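Structure record follows, encoded as structure tokens.
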Amino acid sequence: MTGMPQKLIVLLLALLLGLQPVTTDLYLPALPAITQVFGVGMGQAQLTLTALLLAFGLSQLVWGPLSDRFGRRPILLWGMAAYTLASVACAFAADMAWLIAGRTLQGIAMGAGVMAARAVVRDLYPPAQGATVMSQALTGLGIIACTCAPMGGMLTDWLGWRIALLMLALFGAVTLALLFWRFEETLARPDPHALSPGPLIQANLDILRNPTFRTWCALSAASYLGLFTFLASSSFVFVTDMDYSKTAYGFLMLSMSLSYIAGTFLCRWLLRRTSVHRTVGMAAGLTITGGVGMAALAYAGEGQDWYGAWAVMVPMYIFMMGHGVHQPCSQSGAVVPFPQRAGTASALNGFLMMLGAFFMGAWLGTHMDRPVFALAHGLLLWAVVITVLAWTAVQRHGRPMATTQPASASA
């Protein structure tokens, strides 16, 4: 068992999981400006996001087994060093091709941090406590996300998009320094066979066959894809369609993050009173309310003077409350059956999430002629999927045994 205090573990997890909102939310307010500077269309601009996410997902399939073989610490240090360098390259991009390449490298490096964070939770904690610790870390992620979009908007308006992208390099450097000085290895028994082709293929097949993994992985992917739909389309909804400033857009994103933070607090409150699968089932009521509300207001408000940012944000606040419950429960639940292969299971979960995001981003790129309806249709789709999963599969297969121990406890 590690000697790190739990508060330090939660802080490190928050920074590692926070790589996703830092890399996307801080960047999104700059996306319309980047599109104008390089003279490219919205579809090509979306590649800077979808390429990042595809690289992020694919890289985890490599990082996961590597971390099971060599431990979490070396993977985290190499990954964060690469992330910092890739962020500097993005800030000095000379054209869109350079920027897409830099964002791809960023995604590869980001995979190490996010994958290892989920594996660390499985290394150290049994299922119910793991969901609580993950919820605490995701509260920290929400706080980080609160600052990213407003900071990205203000830096882009005042100093230009290159300075905004340099902030990603600063975040990476600070996280790398803290990992170097304070993070202790959490994997009790590295697997010497983790990289052998036969055992690795068999491990992935075993993970995919497991109904608990499939259930929680599907929930985490669907919940993330609902958020991704908003992230990928919102700058065009508010900045291009509704003519908000980039700074105002950033503060709208901040308010969305606050609702997500409230959802993580709700998650912990529910977990103290009931089981994980019942917590998820109750949160699905918020999810479907947000998805249906977004679509209903989009159709009712088409061409109407009263339709504005509130009609998009209020349903999104409700959806994000549910998201704040679904993510900690599903991300911790997906790796519960695999204490000795937590890195591989975490990687496979992350890959499937990002594969879905890649295809969703490609679909959005071809439907952005009416950004509000692209957002409304996408959110409604994922709200329905989440609700069906939460009320059916999670209730049947998503009940991790309370007696399951962390991998380190068996060492």
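Readers should treat all values here as calculations from the given coordinates under stated rules, not as data from a laboratory. Just so you know, these numbers come straight off a predicted model, no measurement behind them. In this analysis, Cβ positions are derived from the backbone assuming ideal geometry, glycine residues included, and neighbour counts consider all displayed protein chains.
Quick notes
- FRET efficiency, Phe359 to Leu85 (Cβ-Cβ, R0 30 Å, nearest 0.05): 0.55
- Extension gain, Ser196 back to Trp306 (0.36 nm per residue minus Cα-Cα distance, nm): 33.5 nm
- Taking the chain as a Gaussian network of alpha-carbon nodes connected by springs under 10 Å, the highest mean-square fluctuation of the residues Leu77, Leu381, Leu205 belongs to Leu205.
- Estimated 222 nm signal from helices in the chain, with DSSP H stretches of n ≥ 4 weighted -39500 (n - 2.57), rounded to 500: -27000 deg cm²/dmol
- Cα-based shape type of the stretch 44-164, given that a ≥ b ≥ c are square roots of the gyration tensor eigenvalues and the cut on a/c is 1.5: oblate
- On Cα atoms only, tilt of 72-91 relative to the major axis of the chain in degrees: 20
- Computing FRET efficiency as 1/(1 + (r/R0)^6) for Leu159 and Ser255, where r is the C-beta to C-beta distance and R0 is 30 Å, gives about 0.80.
- Degrees, to the nearest 10: 96-124 long Cα axis against longest axis of the chain: 40
- Inverse mean reciprocal Cα-Cα distance (Kirkwood Rh) of the stretch 178-222, Å: 13.3
- The length gained on full extension between Asp369 and Ala262, counted as 0.36 nm times the residue separation minus their Cα-Cα distance, comes to 35.2 nm.
- Longest DSSP-loop-exposure-free segment, chymotrypsin sites (Phe, Trp or Tyr not before Pro), the chain, at most 15 other Cβ within 10 Å: 93-305
- GNM flexibility winner over the chain from Ala177, Ala342, Ala82 (Cα, springs under 10 Å): Ala177
- Long-range Cα-Cα pairs in the stretch 260-340 (distance over 19 Å), rounded percent: 46
- Between Asp243 and Thr392, the FRET efficiency estimated from the beta carbon spacing at R0 = 51 angstrom works out to 0.75.
- Alpha carbon centroid spacing (whole Å) that separates the stretch 109-150 from the stretch 165-179: 17
- Whole-angstrom gap from the stretch 242-292 to the stretch 329-372, using each part's C-alpha centre: 18
- For the chain, with +1 on Lys and Arg beta carbons and -1 on Asp and Glu, the positive-most of Gly343, Ala149, Leu231 along the dipole: Gly343
- Nearest-ten-degree value, helix 42-70 long axis tilted from longest Cα axis of the chain: 10
- Using the empirical formula 2.2 N^0.38 Å as the baseline, the Cα radius of gyration of the chain reaches a ratio of 0.92.
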